[in-house]
Structures are given as C-alpha cells and as structure tokens.
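Report on the structure given below.
The values are calculated or read from the model by the stated rules, or taken from the named source; none is laboratory data. Values in this document were obtained by computation on a predicted structure and should not be read as measured data. Because the Cβ atoms are built from the backbone with ideal geometry, glycine has one as well, and the counts that use them run over all protein chains shown.
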Amino acid sequence: MFEALQSELAGRTAKGLLRRRRLLESAQGAHIRVDGREVLSFCSNDYLGLANHPALIAAAKAAADDVGVGSGASHLITGHHRLHHELEDALASFVGLPRALLFSTGYMANLGIVTALVGRGDAVFADRLNHASLNDAVVLSRAELKRYPHGDMAQLEKLLAASKARRKLVLADAVFSMDGDIAPVRELLDLCEKHDAWLMLDDAHGFGVLGAGGRGVLEHFGLKSPRMIYMATLGKAAGVAGAFVAGEPSLIETLLQNARTYIYTTATPPLLAAALLASLKLIEAEAWRRVRIGELVAALRDGLRLQHWQLADSVTPIQPLVIGSNNEALMVSERLLERGILVPAIRPPTVPKDTARLRISLSAAHTLEDVARLVDAINEIERA
C-alpha cells in the first residue's frame with residue numbers, strides 16, 4: 001500500500017504537481033517572514049490588509065478576557081454565543097439581506113447550503129470554473145450536476161430550459177478565485193427568474209472588496225432578489241476566519257435545521273466574532289483601502305511589458321499571470337523568490353491543464369513601490 005502511495009507521489013513530482021507548505025513565522029502582511037527569510041508577499045487573500053490590524057487584535061483580546069477562548073459546543077447546544085448572534089445580525093444588515101447564518105469555513109458553508117437545499121430529483125447548474133467546494137457540495141447532495149462553460153450564459157439557458165428537475169439551483173463564484181474575473185450576476189439572476197431557479201453566489205473574493213461600501217458583488221451590481229443565496233467568507237478581506245450565508249428568513253431557518261456542517265460541529269470561538277464586528281466597521285468606514293487596491297491593480301497592469309506570458313483580464317486584487325507549463329511556472333516563482341518576492345505557482349487540477357500561472361494577490365497593505373519592485377522583477381525574468 002505504501003509503495004503505491006510513494007509511486008503516486010513520485011509521479012506528481014515528475015509532473016511538477018507536488019505541493020508543499022511554507023512556514024509563516026510572522027503576522028500576515030505585505031512583508032512577512034517565511035521559511036526563515038524576509039520576503040515581499042503577493043500570496044495572501046488579506047485584500048484589505050486587516051489580518052494584523054490593531055483594532056481587530058484589541059477586540060479579540062478583550063473578548064478573550066471576557067468570554068474565554070473556546071465555544072465549547074455546537075451552535076444548537078450551548079455554543080451559540082451572544083457575540084455570534086450580534087455578528088449574524090450585523091452581517092445581514094451589512095449586505096442588505098434579512099438574515100444571516102455563520103459557518104466555520106467557506107468550504108463548510110458551501111457543503112452545508114447545497115446539501116440542505118437539493119438532493120435526488122433536483123438539478124444544479126454550475127460554472128465550470130467554480131471553486132472545488134461547490135463541486136464537492138453537489139456530489140454530496142446527489143443532485144444532478146450540469147456544468148456550463150465558464151461564463152457561457154447561452155449554454156446555461158439551454159440547460160435550464162431543458163431541465164425537468166423538481167428544484168433548480170444555479171451555482172457560481174462571484175469572483176473566480178484563480179482568474180479574478182467577476183461573474184455576470186445580472187444575467188445569471190435574469191435566467192433564474194425566467195426558469196424558476198435559485199441563484200447561489202460564492203462571494204469569497206468579492207466581499208469587502210467590491211462595491212462602494214465593500215458589501216460585495218450584490219452592491220457592485222445593485223441587485224437584490226429573494227431568489228439569491230449569498231455566501232461570503234470572513235478569512236479573506238475581512239481578515240479573520242469563518243463564513244456566512246445570507247438570504248430570506250425561511251432559507252436561513254432551513255439551513256439552521258438541516259445543514260449538517262452547521263449542526264454537527266463546534267461553534268467557532270466567540271473572540272473571532274468580536275474581531276469580525278470590528279472588521280465590519282473598518283470595511284465600511286475605510287473606503288481608501290478599496291481605492292488603493294484599484295491604484296495597485298492599475299500600476300501592475302500598466303507596468304508589465306509581457307511578450308510571452310499573459311496577464312488575465314481582471315479588475316480585482318487577483319491578478320493571474322498565465323505561464324503555461326507547470327515547470328516554467330515553478331521556475332518563475334523560484335526566480336522571484338531569489339529576489340525576495342513570494343508569488344505562488346498555481347498548477348492543475350486547481351487550474352486547467354496547460355494554464356499554470358502565478359496568482360498575484362494584491363492588498364491595501366502593499367505600496368506602489370512594492371508593486372513596482374514586482375513589475376521590474378517579472379519583466380526582467382521574462383526577458384532573460
């Protein structure tokens with residue numbers, strides 16, 4: 001058995017697909033200490049630079065002194081703390097939806113939502129580039145899965161029109177995590193209205209970033225509908241951990257009663273909810289963080305002089321530099337690291353075959369000088 005496992009691992013190594021963990025030895029930020037060295041990081045999803053913010057740290061410390069560390073139980077036993085409840089109310093109000101429900105992670109939220117709402121006899125229609133958690137959720141639900149080419153609304157409409165399923169659910173990332181593009185949410189909602197389907201949006205990479213107030217993709221497009229199921233994570237732009245789903249009261253109550261990843265797990269520490277309440281205030285009040293991201297995106301895109309590689313079309317903090325081969329992407333990542341710049345190489349199956357890339361993640365914690373350093377290094381490596 002172990003020889004077979006070792007052989008499989010050797011095969012991954014030969015294809016340039018073996019993953020390894022890096023050891024972070026500092027707080028998260030634009031400049032970090034990792035694997036024993038100081039580097040300029042373009043790796044994290046801390047888009048607003050809040051993960052190490054003094055206000056969040058102070059809120060977590062005060063809550064720890066007041067309520068301790070562990071929650072001690074699941075939400076439906078005695079783990080649902082006053083701070084959790086305050087956060088749910090604040091999140092619902094923030095995104096302009098009636099109710100919200102906390103989950104421990106975005107992965108658990110997606111599994112819980114989809115499996116609680118659809119099953120055998122139902123159909124799910126999913127963008128081909130959706131996050132793995134959404135794909136896994138459909139498999140667990142036992143609903144029929146229909147995948148449409150990325151962003152192809154004409155094909156989605158054909159699939160919806162042909163379906164005789166009892167219940168229809170359309171799933172899409174709001175911002176695609178490896179491409180950085182924004183889903184055509186208005187068109188998705190129109191199709192759901194026309195074909196009597198629900199629309200579930202995974203706004204993991206839009207919450208806090210999109211919209212004038214950082215309220216995410218719904219604010220970005222100015223949309224609101226009882227058909228929409230809105231999920232967002234709290235460990236990226238919000239700077240802490242966890243996730244939530246927001247929507248109509250009957251939807252949230254159904255999830256509270258039926259979502260297994262909510263019912264059968266210990267609630268997150270209340271101190272995290274306290275930190276997130278502080279984070280929400282900063283997301284709303286400090287619009288300059290989103291303005292800075294826009295400036296950094298423009299500086300990166302204007303500065304690169306690419307001849308062989310391609311920077312994918314994105315206005316979000318996710319800026320994918322598509323290289324092609326796995327080994328070349330790893331080589332470029334290593335050359336950058338030699339210059340003290342950390343950018344991860346993303347390879348299949350996370351992205352399609354022959355589209356290995358560097359996933360450049362920008363943060364409000366970066367400066368224009370940081371981006372200029374990255375631009376100069378990439379231009380130099382490509383010309384070499």
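Scanning segment 256-309 for residues that are of a type in the set (Phe, Trp, Tyr), in contact with a strand residue (DSSP E or B) (Cβ under 7 Å, 6 or more places away or on another chain) and within 30 Å of Thr367 (Cβ to Cβ) gives a single hit, Trp309. Tallying residues that are on the phi > 0 side of the Ramachandran plot and touching a strand residue (DSSP E or B) at 6+ places or on another chain (Cβ under 9 Å) within segment 134-181 yields 2.
Note on segment 247-260: residues that are in a helix (DSSP H, G or I) and among the acidic types (Asp, Glu) total 1. Can you tell me which residues in segment 125-147 are buried (at least 23 other Cβ atoms within 10 Å of the Cβ) and farther than 24 Å from Gly180 by Cβ? Within segment 125-147, Ala143 is the sole residue that qualifies.
In a residue-by-residue description of segment 113-123, the property of being closer than 13 Å to Ala232 by Cα, within 20 Å of the chain's Cα centre (by Cα) and either buried (at least 23 other Cβ atoms within 10 Å of the Cβ) or among the hydroxyl-bearing types (Ser, Thr, Tyr) (or both) applies to at least one position.
Among residues of segment 157-190 being surrounded by fewer than 18 Cβ atoms within 10 Å (Cβ to Cβ) and among the acidic types (Asp, Glu), the one that is nearest to Gly211 (Cα to Cα) is Glu187.
Considered as a group, the residues in segment 55-72 that are of a type in the set (Val, Ile, Thr) and part of a helix (DSSP H, G or I) include one that is nearest to Ala278 (Cα to Cα), and that residue is Ile57. When Ala364, Ala356, Ala345, Ala329 are checked against the criterion of being under 18 Å from the mean Cα position of the chain (by Cα), more than 30 Å from Ala287 (Cβ to Cβ) and not assigned by TED's automatic domain parsing to the domain that holds Met178, Ala345 stands alone in meeting it.
From the set of residues in segment 301-320 that are aliphatic (A, V, I, L, M) and assigned to a loop (DSSP other than H, G, I, E, B), which is farthest from Arg289 (Cα to Cα)? Lay out the reasoning, then the answer.
Step one: filter segment 301-320 for residues aliphatic (A, V, I, L, M), giving 304, 306, 311-312, 315, 318.
Subset that is assigned to a loop (DSSP other than H, G, I, E, B): 304, 306, 312, 315.
On the way: Leu304: 23, Leu306: 28, Ala312: 23, Val315: 15 Å.
Here the answer is Leu306.
Condition (residue is surrounded by fewer than 18 Cβ atoms within 10 Å (Cβ to Cβ) and not in a loop (DSSP other than H, G, I, E, B)) applied to segment 261-273: is it met by at least one residue?
Our first condition is that a residue be surrounded by fewer than 18 Cβ atoms within 10 Å (Cβ to Cβ); within segment 261-273, this holds for 263-266.
Narrowing further to those that are not in a loop (DSSP other than H, G, I, E, B): 263, 266.
Taking every residue of segment 261-273 in turn, at least one turns out to be surrounded by fewer than 18 Cβ atoms within 10 Å (Cβ to Cβ) and not in a loop (DSSP other than H, G, I, E, B).
Comparison of Leu17, Leu40, Leu24 shows that the only residue that is at pLDDT below 95 and within 28 Å of Ser363 (Cβ to Cβ) is Leu17. Condition first: assigned to a helix (DSSP H, G or I) and closer than 18 Å to Tyr47 by Cβ. Now tell me which residues in segment 349-384 satisfy that. Leu368, Asp370, Val371, Leu374 - these are the residues of segment 349-384 that are assigned to a helix (DSSP H, G or I) and closer than 18 Å to Tyr47 by Cβ.
Taking Arg12, is it at pLDDT below 95 and touching a strand residue (DSSP E or B) at 6+ places or on another chain (Cβ under 8 Å)? So Arg12 fails the test. Between Ala174, Ala243, Ala204, Ala212, the distinction of being in contact (Cβ under 8 Å) with a residue 60 or more places away in the chain, more than 18 Å from Ser363 (Cα to Cα) and among the small types (Gly, Ala, Ser) belongs to Ala243 only.
Name the single residue, out of those in segment 274-297 being in a helix (DSSP H, G or I), under 21 Å from the mean Cα position of the chain (by Cα) and small (Gly, Ala, Ser), that is surrounded by the fewest Cβ atoms within 10 Å (Cβ to Cβ). It comes out as Gly294.
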